[in-house]
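J.: Structure incoming, see below.
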């Protein structure tokens with residue numbers, strides 16, 4: 001096993017033990033034992049993560065800063081009134097100098113309705129596989145950021161733990177307050193980086209590392225591996241020892257109809273205009289057209 005894969009294996013083992021890695025400049029993920037001056041240790045500064053350690057496994061909670069269940073992150077259209085805040089756009093712009101230190105390859109575009117970022121996460125030192133992140137930050141405080149990730153800028157990273165139907169990154173549960181509108185953009189990019197690193201582990205070892213959330217039986221049954229943590233409230237149990245037996249029973253797959261409705265009877269995939277920008281160099285889509 002080469003050094004890159006060994007380091008990835010250690011990160012996965014730590015995530016399985018609910019020990020979060022560090023993110024260094026350039027979007028390099030390292031095991032917690034190798035931390036010097038990271039941006040922060042993911043999970044350790046989150047008060048909800050600390051509270052979750054004290055909660056009984058039967059209590060209903062909404063996850064942690066690891067990859068979360070896709071259906072719980074879907075954002076169907078609503079009649080919510082837009083709350084436009086020019087201050088948040090200026091706040092994000094004021095962070096760009098620091099963002100470009102933490103993620104040196106960051107490019108920035110502004111428009112009336114928000115900001116676009118394109119950046120790169122190296123993921124692991126010595127690896128030839130990196131994640132290119134395309135992030136939109138709307139001015140509307142009722143709309144969360146959206147982001148898409150691509151291996152080396154070429155191949156979309158999905159479908160596990162992406163939102164329906166647009167394939168955007170699902171790196172945390174909004175209700176868990178892991179990241180809130182107006183908080184650090186570096187922290188947001190670090191969460192996306194950790195999500196991509198989990199996908200790297202999935203690619204190499206065939207399973208999702210660490211705790212995860214999925215509220216729908218069909219989603220768990222169709223995507224989760226036996227040795228992954230279950231996505232229900234018993235978050236610390238393996239799927240095969242928890243929900244898989246009941247998920248596999250036909251009556252528990254009645255969620256298929258609801259699941260199909262949520263995803264619009266289609267596969268998760270990035271919007272055509274996002275792919276046109278990434279692959280063909282066409283103009284970025286208008287931010288509000290993606291909501």
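Nothing in this text is a laboratory measurement; each read-out follows from the coordinates by a stated rule. Here the structure is a predicted model, which means the values were calculated and not measured. We place every Cβ from the backbone using ideal geometry, glycine too, and count neighbours over all the protein chains shown.
J.: At a 10 angstrom cut-off on C-beta neighbours, averaged per residue, how do the peptides 145-154, 106-115, 211-220 rank from highest to lowest?
T.: 211-220, 145-154, 106-115
J.: With labels modelled as points extended 7 Å from the Cα through the Cβ direction, what inter-label distance (nm, one decimal) is found for residue 159 paired with residue 241?
T.: 3.0 nm
J.: Next question, about the same structure. Suppose R0 equals 22 Å; then what is the FRET efficiency for residue 272 and residue 108 from their Cβ-Cβ distance, rounded to the nearest 0.05?
T.: Plugging the Cβ-Cβ distance into 1/(1 + (r/R0)^6) gives 0.40.
J.: Next question. When only C-alpha pairs under 8 Å and at least 6 residues apart count, what is the relative contact order of segment 86-191, in percent?
T.: Across segment 86-191, relative contact order equals 19 percent.
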